[in-house]
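Structure first, then comments.
The values are calculated or read from the model by the stated rules, or taken from the named source; none is laboratory data. Only a predicted model underlies this, so the values are computations on that prediction, with no experimental measurement involved. Please note: Cβ atoms are built from the backbone with ideal geometry, for glycine as well, and neighbour counts cover all protein chains shown. Remember, those area values only see protein heavy atoms, side chains included, never the ligands or the DNA or RNA. Shrake-Rupley method; radii C 1.70, N 1.55, O 1.52, S 1.80 Å.
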Amino acid sequence: QVQLVESAGGLVQPGGSLRLSCAASGSIFSIYNMGWYRQNPGKQRELVATITRAGYTNYADSVKGRFTISRENAKNTVYLQMNSLKPEDTAVYYCNADIRSLASAATVNYWGQGTQVTVSS
C-alpha cells in the first residue's frame, strides 16, 4: 500500500515562511512527477508547483519567486518552501505524486491527506 504523508501546516503571519514536506511510503518501485496543489472551500483545487524526477520545476504564476519546490529521491520526499506568504496563500495544501509500486507495472496518481496553511496576522 502506497501512501503520501504530509507534514503539519500551520498559522503564519503575512511575510512569514513555512516549509511543507511530503514523504511517500510503501512498496515503491519509482516516483515520477511530484507536486503540490491547494484548495479553498467552494473552489477548485489548483496547481502550486510540480517537479520531475530529474528536477525540472513548474510554478503557478501566483507563487513564482516566493515558493520553491524540491525533492530528495533517496527519501521519496518532496518539499515546498514558502516565503513571503500572503493571506491569499491560505488554503489546504495537498501533495501529489505519480508512483509505480513494486506490485504493478502501472503508474498511479496519489494524493496526500492535505494540510491547512493559514496566513493571517
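Would you please name the residue that is farthest from ARG66 (Cα to Cα), looking only at residues in segment 1-25 that are in contact (Cβ under 8 Å) with a residue 40 or more places away in the chain, in a loop (DSSP other than H, G, I, E, B) and open to solvent by 50 Å² or more (accessible area, probe 1.4 Å)? Walk me through how you get there before you give the answer.
Keep residues of segment 1-25 that are in contact (Cβ under 8 Å) with a residue 40 or more places away in the chain, which gives 2-25.
If we keep only those that are in a loop (DSSP other than H, G, I, E, B) too, we end up with 2, 7-9, 13-17.
After this cut, where a residue has to be open to solvent by 50 Å² or more (accessible area, probe 1.4 Å) as well, the list is 8, 13-15, 17.
Working: ALA8: 20, GLN13: 15, PRO14: 13, GLY15: 10, SER17: 9 Å.
Taking the candidates together, the pick is ALA8.
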Can you say whether VAL63 is part of a strand (DSSP E or B), of a type in the set (Val, Ile, Thr) and at pLDDT 95 or above, as far as the supplied structure shows?
no
Just to verify a result, which residue in segment 33-61, among those that are surrounded by 13 or more Cβ atoms within 10 Å (Cβ to Cβ) and among the hydroxyl-bearing types (Ser, Thr, Tyr), is nearest to TYR93 (Cα to Cα)?
TYR37
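Determine, yes or no, whether GLY55 is at positive phi, under 16 Å from the mean Cα position of the chain (by Cα) and either modelled with pLDDT of 95 or more or not in a loop (DSSP other than H, G, I, E, B) (or both). Break it down stepwise before answering.
On the way: at positive phi: yes; under 16 Å from the mean Cα position of the chain (by Cα): yes; either modelled with pLDDT of 95 or more or not in a loop (DSSP other than H, G, I, E, B) (or both): yes.
Answer is yes for this residue.
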Candidate set: segment 99-120, residues that are open to solvent by 40 Å² or more (accessible area, probe 1.4 Å), in contact (Cβ under 8 Å) with a residue 24 or more places away in the chain and out of contact with any Gly (no Cβ under 9 Å at 6 or more places or on another chain); chosen: the one farthest from VAL63 (Cα to Cα)
ALA103
